[in-house]
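See structure below.
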Amino acid sequence: MTHTDWTDRVQVRRAFKFRAYPARPQEGRAVRLLADHCDLYNAALLERREAWRTRPVSVSYGVQSAQLKDIRKADPDGQGRHSFPARQQTLRRLSTVFAAFFDRVRAADKAGKESKPGYPRVKPYQRFSQVLFVAGDGARWQPSGSGKWAYAAFQAVGTVKVRQHRPVPGAVKALQLTREHRRWYVIVIADAEPVPLPVTGREVGADLGVARFLTTSDGEIVASPRFLAASAQVIAGLQRRKARARPGSGNRTRIRRALAREWRQVRNRRRGFHHQTARALVNECDVIALENLTTAGMTRRPAPKPDPGKPGAFLANQARAKAGLTRSVLDAGWARFTSILTGKAAEAGRRVVLVNPAGTSIGCHRCGRKCTRPQQKTVICPVHGAIDADLNGARNIASRAGLGSGQAPTAA
Ligand SMILES: [Zn+2]
């Protein structure tokens, strides 16, 4: 095989979540599996904490993984029963948590903040809800075929029935056993080769917003779905009722459940909308550029609204809270939409470019001068006059990604 052959074989990793139905004894063993992995996770965490206290060094994943064999020998009926690669995955997971912690420490130091980020905490059993297995080594996937059930076999648990509602293309690499409240799920992680879509010649920058969900640099608009705003109102109403209900009363419990149901519905419908929107973009565009929200997105919180009637004053608390809630219902999905879009693009051989979002909304896309923004929907360039704010943002995103269509001057 030549070198080119090898690099051409890009694999796309996808995860499929299926409901699992362990028998009663299997469920008992699965609970024990989670508990044993939780013990391992916490022991490794404490070891790192001790080392950190004595002197600021970090214990690496490699050092901890090397101890697994000895731990197994010392505890044959506990840790010793479990899959070796699965326990390595649990240690890796802790390693990821620590890497994120050190990133936060560095970021806080850089920003000169006085409060230090919280040190990773010991997990209680009820909060430790997943174990990742390597397929073929401690776990095995048997797809449903013509029969009704698929099966997932896990070391120290057994072969569990799984409702497989869609096919899993590609090679199964890992299986994750997960508990959510009283339900169990198996997440099947598989690598498949992308199936490229025909070239369309269209490349766009896309701006994500609140009033409009999405605006492309060539002028296509995807409106924010109305059901989100409607749900925001229902949720606001339920929250007001919950605040008035007596703590511990049956009424309050009912309201809390209704609230949870409404949020679940919002999440599901929003996910459907994201999939649909992403599907259309991927079908129609070869390259899609977006703002990179994983780095800067969290700073996009609703700012307190100044009261236009009284300079220096802010709108009443309730109005602000409601505006914040509406926004969070509407925009909480940007990062998720981006990840759905990125996944679909990878499967289809399309390209997604994430650009630095700094200043994309306020600079003029034609000359780069700083614009004023007297209204949410319009920016005014001192030279080029009023421009639709979302379109301006989308064109800046396209230029930043080096896409031609973003720099196309507007006639008029
Ligand atoms: Zn301009």
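We did not get these values from a lab; they are worked out from the coordinates using the rules stated. Note that the structure is predicted; figures quoted are calculated from it, not measured. Note that each Cβ is placed from the backbone with ideal geometry, even for glycine, and that neighbours are counted across all protein chains shown.
Close amide H contacts of Gly205 (hydrogens built in the peptide plane, cut-off under 5 Å, sequence separation of 5 or more or a different chain): Ser217, Asp218, Ala289, Ala398. Only DSSP H runs of four or more residues enter the estimate; each adds -39500 (n - 2.57), and after division by the residues of the chain the mean residue ellipticity at 222 nm equals -14000 deg cm²/dmol. Considering only beta bridges that DSSP places wholly inside the chain, some 85 percent are antiparallel. When only alpha carbons are used to place a centre, region 182-217 and region 14-61 end up 31 Å from one another. Checking the cross-link pairs Lys242/Lys377; Lys110/Lys344; Lys116/Lys377; Lys116/Lys173; Lys123/Lys173; Lys17/Lys110 against a 32 Å limit on the alpha carbon distance flags Lys242/Lys377; Lys110/Lys344; Lys116/Lys377; Lys116/Lys173; Lys17/Lys110 as lying beyond it.
Summing +1 for each Lys or Arg and -1 for each Asp or Glu among the other residues whose beta-carbon sits under 11 angstrom from that of Tyr185 gives +4. Between Gln126 and Lys370, residue separation times 0.36 nm minus the direct Cα-Cα distance comes to 82.7 nm. For region 154-206, the alpha-carbon radius of gyration amounts to 1.75 times the rule-of-thumb value 2.2 N^0.38 Å expected for a compact globular protein.
Direction-averaged projected area, Cα convex hull, the chain: 28.4 nm², rounded to one decimal.
Taking the Cα centre of the chain as reference, the dipole from Cβ charges on Lys and Arg (+1) and Asp and Glu (-1) amounts to some 2280 debye. The Stokes-Einstein estimate for region 1-132, based on a Kirkwood radius over Cα pairs and taken at 37 °C with 0.692 mPa s viscosity, is a diffusion coefficient of 187 µm²/s. Each of the peptides 130-138, 180-188 was scored by the mean count of other Cβ atoms within 10 Å over its residues; in descending order, highest first, they stand as 130-138, 180-188.
Neighbours of Ala156, meaning other residues whose beta-carbon lies under 12 angstrom from its beta-carbon, give a summed charge of +2 when Lys and Arg score +1 and Asp and Glu score -1. Computed from the C-beta positions of Ser60 and Arg183 and an R0 of 45 Å, the FRET efficiency is 0.80 to the nearest 0.05. Per-peptide packing, taken as the mean over residues of other Cβ atoms within 10 Å, places 246-252, 269-275, 224-230, 153-159 in the sequence 153-159, 269-275, 224-230, 246-252 from highest down. A Stokes-Einstein calculation at 20 °C with viscosity 1.002 mPa s, built on the Kirkwood radius of region 42-198 over Cα pairs, returns a diffusion coefficient of 117 µm²/s.
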